[in-house]
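Peer 1: For reference, the structure I am asking about is given below.
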Amino acid sequence: MEYPDRSGWALDEEHQRLYLLGVGHVKLRLHRPLGGEAKTCTVKREGRRWRVTVFCTGVPAQPLPSTGRVVGIDLGVGESNLVATSDAELVSGPRPGRALGERVTRVSRELAGRRKGSARRRKTVQRLAALRRKEARIRRDWAHQVSRRLVDAYDLIAHEALPVANMVRRPKPRPDPDAPGGFLPNRARAKAGLNRSIHDAGWARLLSFIAYKAEDAGRQVIAVDPAHTSQRCFACGHVEAGNRHASAFRCLGCGHEAHADVNAAHNVLRAGLARRLEREAGSAA
């Protein structure tokens, strides 16, 4: 349910009660006091619970003191880390999709065998939905922690402009010209595994959390072109696919060695600082 204006709902913060048109007064647990002017209220059911979200305008910013530090971050799906910074920090993630994968698969198989409309099927649907919500909560909590830490520590955060929605698209089928009605291999299975890893890493959510927290804190976030960030040597600028070997980076031009993701994060930061200079020069002109 959505109430687009204040005529359909009212919130009593002192007594933690919410009035909804057509429903009446209900108790709620207020997460935090509202800031700015409350506008829209949405009510959504999550299993046996209900979640209320209030959208406000004119929320005052809470700028943080300057730290004088800048950072570039590289996002990955590797086994060791999900985020690498130009300060050589490797941040691992919970990967809830993997942790709960076997349970989700088992419950999904049970669901497939339940008769439609039965009480058992309804309960199995609820169990599966609860597992999916647990995945989302774990991923959201991790994104909140990492984004908060980055925004608190750095005045500028540079990251790759990753088109996540495009990156997780299914590969197009390849018709076989020699066999009408047949298709050539298109690596769909391997792509599906990569898509699951990208979704499990939660790139889009992490970047959105960084963006809104940075705006509130008066920090600067710059997205840069991701082309060749993982293949370019930070020390000499040499670009070659053979520079990177899994998580190791060894430049074939100058011999520079580093963690591959940290090297990429340095390239991201360099590009971010260059973009900031361009913006400052444009505004000055």
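Peer 1: Under 10 Å, Cα contacts only: if you run a Gaussian network model on the chain, which one of 147, 66, 118 comes out with the highest mean-square fluctuation?
Peer 2: Checking each option, the largest mean-square fluctuation is seen for 118.
Peer 1: Also, quick follow-up: With a 10 Å cut-off between alpha carbons and a GNM built on the chain, which of 101, 182, 76 moves the most?
Peer 2: For the chain, modelled as a Gaussian network with Cα springs under 10 Å, the answer is 182.
Peer 1: Another question, then. How high is the relative contact order of region 50-123? Use alpha-carbon pairs under 8 Å, at least six apart in sequence, and give a whole percent.
Peer 2: The normalised contact order for region 50-123 reaches 13 percent.
Peer 1: In addition: Among 249, 151, 21, whose Cα lies farthest out toward the positive end of the dipole of the chain, if unit charges sit on the beta carbon of Lys, Arg (+1) and Asp, Glu (-1)?
Peer 2: In the chain, that residue is 21.
Peer 1: Testing the spin-label approximation: label points 7 Å from Cα along Cα→Cβ at residue 28 and residue 134. State their distance in nm.
Peer 2: Distance between label points: 2.8 nm.
Peer 1: Mind checking which of 108, 197, 230 has the largest fluctuation in a GNM of the chain, springs on alpha carbons under 10 Å?
Peer 2: 108
Peer 1: To continue, here is another question. Provide Rg and Dmax in Å for region 2-57, with only Cα atoms included in the calculation.
Peer 2: 10.8, 30
Peer 1: May I pose another question? State, as an integer percentage, the relative contact order of the chain based on alpha-carbon contacts under 8 Å between residues 6 or more apart.
Peer 2: The value is 18 percent.
Peer 1: I need the calculated FRET efficiency for the pair residue 69 and residue 10, taking r as the beta carbon distance and R₀ as 35 Å, to the nearest 0.05.
Peer 2: 0.20
Peer 1: Let me ask something else. In whole percent, what relative contact order does region 80-137 give with Cα contacts below 8 Å and a gap of six or more residues?
Peer 2: 27
Peer 1: Two decimals, Cα atoms only, Kirkwood Rh: what is Rg/Rh over the chain?
Peer 2: Ratio value, two decimals: 1.05.
Peer 1: Using helices alone, I'd like the mean residue ellipticity at 222 nm for the chain: each DSSP H run of four-plus residues gives -39500 (n - 2.57), total over residue count, nearest 500.
Peer 2: Taken over the chain, the calculation gives -12500 deg cm²/dmol.
Peer 1: Of 7, 183, 125, which is farthest on the positive side of the dipole of the chain, counting Cα position, with +1 on Lys and Arg Cβ, -1 on Asp and Glu Cβ, and the Cα centre as origin?
Peer 2: 125
Peer 1: Another question about this same structure. With point charges of +1 on the Cβ of Lys and Arg and -1 on the Cβ of Asp and Glu, referenced to the Cα centre of region 34-147, which listed residue (85, 41, 60) lies farthest in the positive direction of the dipole?
Peer 2: 41
Peer 1: I've got another one for you. Taking N as the number of residues in region 18-98, what is its alpha-carbon radius of gyration divided by 2.2 N^0.38 Å?
Peer 2: 1.73
Peer 1: Could I ask something else about it? Scale the Cα Rg of region 65-152 by the rule-of-thumb value 2.2 N^0.38 Å and send over the ratio, two decimals.
Peer 2: 1.57
A short reminder: the numbers here are calculations on the coordinates, not readings from a lab. Since we're looking at a predicted model, the values are computed, not measured. Reconstructed Cβ throughout: ideal geometry from the backbone, glycine too, with neighbour counts over all protein chains shown.
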